[in-house]
Amino acid sequence: MIADTLDRHDAEQIYLVGDEAEETDIVAQRDAVVLSGRAVEFPANTGRAGVTLDVWEVDAESGQRVDDDPHATFEVGPDGEWGPVEVATAVPYEWVLSTDDTEVQHHLYLQPYLRSSHLVRLLSSEPDGDTRTNTNVGSDHSALVVMRMREWYATGRGDTDGARPDVLEVVVRHGDTETDAVDVISEFVGNGTIGLHLHDGADAVEESTLEPLPWFSEQPFQSGIDVFLPASADGAGTISVTNLPRGDAERPQVINVANWPSDTHTISVVFADFAVD
């Protein structure tokens, strides 16, 4: 909620010290960005002990890996702890959780970090957990979980956040082909959702009906929308996810990810709760 409360904090500072804040934006630090944190199970927040974490630098425009080897690799500790790792400022990375006992990999694409943090939370779940078992999976389509701790709002919240809703669009690019952009937010019912599950519904195969997905739409802080996202066997295509926070078209937030097939891959797209240029 950082971006929503900057004006209020500015007013509070004037009230307390008599001066306006010199800086209200979150700016990139001069020193190298160092990250560490925990990989945790949803919803218990217990550590995903025993998994391997590979960190890959990716191309911002395509979501594809730029090197043949990971930037860093960690064996996640008993409490889910991992790191530290030094990363390039404002550069996107792919965080991959995997184990030897299943071929299912979890790919997390986080909005690039401008500053160091030791509280990076990689929210995941077991391959046989409720999230996975309620997801319609297949070799021809991708399954996304799009998250933002600022929450998603399909309708305005009056004077607090402005009358305009969020906008969240997804589009798949592969070679010379491109799917139509789908505005997800305008279709789901409800406000205050943190995680939006997007995948091909079992009742309308290879079709984006934008209808609520079973189970997910009934969970707290979650929703599910039927969106067909064509996949590549090797994740060679790109899914582009664009967020216009509270309708602010002047600062679009874009995360590009590989279109991994959902039968062996889970994809999380995690936006920051403040605008990152």
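All of 196, 210 fail the test of being touching a helix residue (DSSP H, G or I) at 6+ places or on another chain (Cβ under 9 Å), more than 12 Å from residue 142 (Cβ to Cβ) and touching a residue at least 24 places away in the same chain (Cβ under 8 Å), apart from 196. Kindly provide the set of residues from segment 190-202 that are part of a loop (DSSP other than H, G, I, E, B), surrounded by fewer than 20 Cβ atoms within 10 Å (Cβ to Cβ) and within 20 Å of the chain's Cα centre (by Cα), ordered by number. Passing the criteria: only 190. Inside segment 262-277, can you point out the residues that are in a strand (DSSP E or B) and either more than 19 Å from residue 140 (Cα to Cα) or of a type in the set (Ser, Thr, Tyr) (or both)? Hits for segment 262-277 are 266, 268, 269, 270, 271.
Residue-wise test of (1) without any contact (Cβ under 8 Å) to a residue 12 or more places away in the chain; (2) β-branched (Val, Ile, Thr).
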residue	(1), (2)
23	yes, no
31	no, no
34	no, yes
43	yes, no
47	no, no
70	no, no
73	no, yes
76	no, yes
80	no, no
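None of the figures in this text is laboratory data; all of them are computed from the coordinates on show. Only a predicted model underlies this, so the values are computations on that prediction, with no experimental measurement involved. All Cβ positions, glycine included, derive from the backbone under ideal geometry; neighbour counts span all protein chains shown.
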